[in-house]
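The values are calculated or read from the model by the stated rules, or taken from the named source; none is laboratory data. Computed from a predicted structure; not experimentally measured. Every residue, glycine as well, gets a Cβ built from its backbone with ideal geometry; the counts of neighbours run over all protein chains shown. With ligands, DNA and RNA removed, areas are computed over all heavy atoms of the protein, side chains included. Shrake-Rupley method; radii C 1.70, N 1.55, O 1.52, S 1.80 Å.
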Amino acid sequence: MLLLAAQSPHDAIPDVALGKRIFASQCAVCHGEGGTGGRGPALTHAKLAKAPDEESLRKAIAQGIPPEMPGAWQLSVREVASVAKYVQGLGTVLPEKLPGDARRGAQVFGAKGCGGCHLVDGVGTARGPELTAIGAKRNGAHLRTSVIAPASHLPEDYLMLEVTTAAGRTVRGVRAAEDPFSVQLRDAGGALHSFRKGELKQWRHLAGESSMPSFAKQLSAGELEDLVAYLAGLRGNQ
Amino acid sequence: MKHPVAVLFLAGAALQAQVPYERIVNGHKEPGNWLTYSGNYAGHRYSGLPELTPANVGNLRVKWAYQFDLNRVETSPIVDGGVMYISAPNKAAALDTKTGRAIWNWERPIPADYQSIGFGRVNRGPAILDDKLYVATLDCYLVALDLKTGQQRWAAKVEDYKPGYSMTLAPLAIKGKVLVGVSGGEAGIRGFVDAYDAATGKRVWRFYAIPGPGEPGNETWAGDSWKTGGASTWVTGAYDPELNIVYWGIGNPGPDWNGDSRKGDNLYTCSFVALDGETGKLKWHFQFTPHDTHDWDATHVPLLVDTEVRGRMRKLIVNPNRNAFYYALDRTSGEFLAGQAYAKQTWAKGLDDKGRPILIPGMEPSEEGVLVWPSLNGATVWFSPSYSPQTKLVYVATREVGSTYFKREAQYKPGTFFAGGGETRIPEKEQWGAIRALEVASGKLAWEFRLVSPPWSGILSTAGGLVFSGSNEGNIFALDAKTGKPLWDFQGGGAVMANPISFAIEGKQHVAVAAGRTLYVFGQ
């Protein structure tokens with residue numbers, strides 16, 4: 001019984017300074033120094049969507065949020081509690097302020113044909129990743145880069161492939177699945193292709209390539225900021 | 001009462017041992033059965049059945065399947081006389097090999113306060129000897145079951161599970177004894193290998209994998225650190241009946257990633273030990289990773305191989321290690337003969353002439369994190385390698401993953417995580433794996449078959465010239481043992497995290513391996 005009591009999270013007295021050090025070395029790569037966000041969301045909000053209370057926050061830290069957020073299962077109960085305490089403290093920092101106008105951004109999104117590849121609240125074409133809650137996942141700076149230099153920030157599970165069939169036909173597309181014996185990909189038109197690797201002349205991973213075009217040249221500075229503000233405001237199904 | 005003679009005859013038959021020790025020693029004479037975890041005592045996971053070959057393996061199809069009520073099946077079955085014996089955490093069953101139907105089931109409740117500290121709730125298989133089946137349980141009991149009915153004959157308490165001792169391995173049954181080791185290397189245990197009397201369950205000997213005060217090797221632990229130094233023993237060992245030596249792999253020191261409190265080499269962690277089968281006394285040891293700080297357990301199935309090295313016949317023990325180096329040692333003395341890296345590693349310049357790693361400075365975990373290959377799961381881990389006496393190649397499922405290692409505080413509290421850090425792996429897209437074939441005496445690469453992701457599957461090689469293994473993506477497959485060329489594959493619908501075996505049903509060769517929650521049996 002004593003042994004179990006020792007395991008209780010309420011027994012562990014958190015140390016914010018320790019939490020800060022762990023965060024800097026283990027979390028900041030994705031959540032930014034001071035939790036301002038990046039590949040992972042900014043954590044500088046009073047209430048976090050997927051970690052609204054202390055218990056869920058500790059759970060998110062220890063077990064992760066698949067597939068993008070790894071669990072820090074090796075941390076001790078006290079260390080998890082310490083990081084959680086530090087993350088909670090970040091909530092008092094003012095959230096990122098974005099210069100753009102989200103309402104105008106929504107119009108840019110429509111005008112530039114983003115919906116031709118992305119689903120938002122069930123509307124659009126599902127070729128690229130769903131953006132319904134993208135603002136809860138990425139911060140403003142990351143979203144800005146995603147629009148002007150898509151290939152520099154690929155989602156964890158996104159990979160382009162090029163295969164050449166025995167007959168010499170080349171197919172490029174986004175990997176839907178791959179194992180040592182077969183590969184499935186979707187081409188630009190969204191059609192699914194499935195190949196046995198043994199029947200291919202070759203297949204290549206196009207690491208670092210994206211099928212999303214850069215919009216750097218098609219957006220004015222103002223349009224870009226509006227678009228980013230719109231994306232940052234997308235926080236889940238209404 | 002009318003036929004006293006017949007009654008007596010039946011009673012006498014029931015006393016006859018079904019699987020005497022001699023049958024296991026001479027298992028190569030009956031390749032249709034699979035009588036010990038690795039197929040033979042030498043750890044080879046090699047089947048002498050020649051029927052399946054590169055020419056006909058393409059005909060393999062599922063004959064039957066058995067579903068477990070758990071997601072991760074790691075069991076390596078035992079097969080004897082048309083019955084397959086399987087296990088799961090605190091469970092065992094006997095299946096009719098003709099139909100796959102369960103003929104008995106056994107279960108021991110897992111205590112509500114049991115916790116697995118640092119590993120999954122799994123079981124890797126049972127052991128068979130005489131008229132009993134042996135199962136090691138999570139709550140650290142060794143249980144003997146009646147082969148015919150699954151009824152319990154005896155249960156021996158190996159250790160108290162509350163501070164973190166547990167068992168996930170298949171026991172190793174040798175003459176009159178059943179050997180087990182323990183998990184708990186992340187809970188500050190003091191690991192050991194135990195031998196129990198096969199008939200009664202009484203403990204015959206215990207070898208502590210960390211020497212106590214006054215024993216040689218205790219000085220390789222600073223202060224009292226030996227008391228909570230880990231040295232788990234969670235993978236089944238090998239046995240040389242002629243030398244009567246048991247070979248066992250020892251796990252990592254604890255706390256895993258913070259070695260500050262345990263200055264020294266930390267014997268016998270990350271070592272192979274050679275133990276007298278009769279007494280459990282240490283004959284020799286060889287340490288692969290002195291003062292490990294990356295969780296590179298040497299908990300591997302040792303491969304015992306007799307072969308020529310530089311013109312001389314040698315009795316070898318070889319091992320592709322979690323630390324990414326391959327080792328060939330003399331198994332009579334522990335002398336290091338050869339070694340080289342068989343997977344990417346960034347922590348050692350190489351091995352010196354005694355086999356000790358020549359360290360690259362700055363590769364220990366730190367507060368900020370240090371990127372090192374291989375990751376904490378190593379270049380390979382618990383799943384079995386295989387050795388084919390035909391090709392003289394060692395087959396190993398290899399993981400190509402690097403990790404940023406962190407060092408954290410570590411405070412021992414019984415029954416809690418005592419690890420002192422952890423890792424963040426490189427992105428999944430940059431991880432990969434391979435089935436590699438290595439020359440037995442040197443570890444030199446003969447061929448590789450590339451995998452999309454780092455594997456968790458063991459390997460079986462067969463007399464027909466095949467190698468069987470599996471992938472995380474659910475493929476169960478056969479390669480040409482000489483060239484690595486893929487010959488057959490089947491999508492099993494769940495990651496393969498188990499060791500394949502081969503056996504005969506009514507004289508025809510079959511292969512069994514689990515994927516996800518399903519055990520598949522394939523035949524022509």
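Could you work out the mean count of beta carbons from other protein chains within 10 Å of each residue's beta carbon in B:481-493?
Details: counts 0, 0, 0, 0, 1, 4, 0, 1, 6, 1, 3, 0, 0.
Per residue, the number of nearby Cβ atoms from other chains is 1 on average.
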(request) Sticking with the crude label model, points 7 Å out along Cα→Cβ, report the distance from residue B:56 to residue B:371 in nm, one decimal please. (result) 5.1 nm
(request) Take the Cα pairs of segment B:370-512, get the Kirkwood Rh, then feed it into Stokes-Einstein at 10 °C and 1.306 mPa s and tell me D in µm²/s. (result) 96 µm²/s
(message) If you take each beta carbon of peptide A:17-29 and count the beta carbons of other chains within 10 angstrom, what is the mean?
(response) 3
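Might you tell me the accessible area per residue for segment B:292-415, computed with a 1.4 Å probe and given in Å²?
Values: 4230 Å² over 124 residues.
Heavy-atom accessible area per residue stands at 34 Å².
Going highest first, how would you order B:179-188, B:198-207 by mean Cβ packing within 10 Å?
Most protected by this proxy first, the peptides run B:179-188, B:198-207.
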(request) Show me B:440-449, B:404-413, B:464-473, B:505-514 ranked by packing, highest mean number of other Cβ atoms within 10 Å first. (result) B:464-473, B:505-514, B:404-413, B:440-449
(request) Step through the residues of segment A:98-112 one at a time and calculate ³J(HN,Hα) from phi using the Karplus curve (6.51 cos²θ - 1.76 cosθ + 1.60, θ = phi - 60°), rounding each to whole Hz and writing x for Gly and Pro. (result) 9, x, x, 10, 4, 5, 5, x, 4, 5, 4, 4, x, 5, 8
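Ratio of segment B:35-523's C-alpha Rg to 2.2 N^0.38 Å, to two decimals?
Values: Rg = 20.9 Å, N = 489, 2.2 N^0.38 = 23.1 Å.
So the Cα radius of gyration is 0.90 times the expected 2.2 N^0.38 Å.
Counting other Cβ atoms within 10 Å of each Cβ, which GluC sites (Glu not before Pro) in segment A:130-189 have at most 16 and sit in a DSSP loop? Can you show the working numbers first?
Details: sites: A:130, A:156, A:162, A:178; in loops: A:130, A:156.
For GluC sites (Glu not before Pro) across segment A:130-189 that sit outside H, G, I, E and B with at most 16 neighbouring Cβ atoms in 10 Å, the list reads A:130, A:156.
Evaluate peptide B:170-181: per residue, the Cβ atoms of other protein chains within 10 Å of its Cβ; return the mean as an integer.
0
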(message) Largest first, please: the extent of the C-alpha atoms of segment A:9-89 along each principal axis, to the nearest Å.
(response) 32, 25, 23
(request) For chain A, set up a Gaussian network in which alpha carbons nearer than 10 Å are linked by springs, and say which option among A:67, A:150, A:213 fluctuates the most. (result) A:67
(message) Taking the alpha-carbon distance from residue B:392 and a cut-off under 13 Å, which aspartates and glutamates remain once sequence neighbours fewer than 8 residues away in the same chain are dropped?
(response) B:306, B:308, B:439
(message) Of the candidates A:138, A:196, A:39, which one comes out as most mobile in a Gaussian network treatment of chain A with C-alpha springs shorter than 10 Å?
(response) A:196
(request) With just the Cα atoms of chain A, tell me how far they stretch along each of the three principal axes, in Å, largest first. (result) 69, 48, 30
(message) In whole Hz and in residue order, list the ³J(HN,Hα) couplings for segment A:194-211 that follow from phi through the Karplus curve 6.51 cos²θ - 1.76 cosθ + 1.60, θ = phi - 60°; x for Gly and Pro.
(response) 10, 10, 7, 4, x, 9, 9, 6, 7, 9, 10, 7, 9, 4, x, 9, 10, 8
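If each residue of separation counts as 0.36 nm, what is the full-extension length gain between residue A:133 and residue A:46 once their alpha-carbon separation is subtracted?
Numbers: separation 87, 0.36 × 87 = 31.32 nm, distance 1.82 nm.
Difference between extended and current length: 29.5 nm.
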(request) Only counting protein heavy atoms at a 1.4 Å probe, give the residues of segment A:148-181, ordered by number, whose accessible area falls by 50 Å² or more when the other protein chains are present relative to the chain alone. (result) A:156, A:179, A:180, A:181
(request) Past 29 Å, Cα to Cα, is the threshold; run B:63/B:315; B:354/B:444; A:85/A:137; B:263/B:354; B:132/B:413 against it and keep the listed order. (result) B:63/B:315; B:132/B:413
(message) Give the separation of the Cα centroids, segment B:455-493 to segment B:72-151, in Å.
(response) 25 Å
(message) Tell me the total accessible area that A and B bury against each other, 1.4 angstrom probe, in square angstrom rounded to 100.
(response) 2500 Å²
(request) Hey, can you find the accessible area per residue of segment A:9-89 for me, probe 1.4 Å, expressed in square angstrom? (result) 50 Å²
(message) Compute the orientation-averaged projected area for the protein assembly as shown from the convex hull of its Cα atoms and round it to one decimal in nm².
(response) 37.1 nm²
(message) Percent of Cα-Cα pairs more than 15 Å apart in segment A:160-206, please.
(response) 30 percent
(request) Select from segment B:396-426 all residues whose loss of accessible area on going from the chain by itself to the full protein assembly reaches 50 Å² or more (probe 1.4 Å). (result) B:408, B:409, B:417
(request) Output the residues of segment B:434-477 meeting this criterion: accessible area (heavy atoms, 1.4 Å probe) in the chain alone minus accessible area with all protein chains in place is 50 Å² or greater. (result) B:452
(message) What is the percent carbon and sulfur in the accessible area of the protein assembly as shown, measuring with a 1.4 Å probe over the protein chains and ignoring ligands?
(response) 54 percent
(request) Positive end of the charge dipole of the protein assembly as shown (Lys, Arg +1 and Asp, Glu -1 on Cβ, about the Cα centre): tell me which of B:294, A:221, A:109 has its Cα farthest that way. (result) A:109
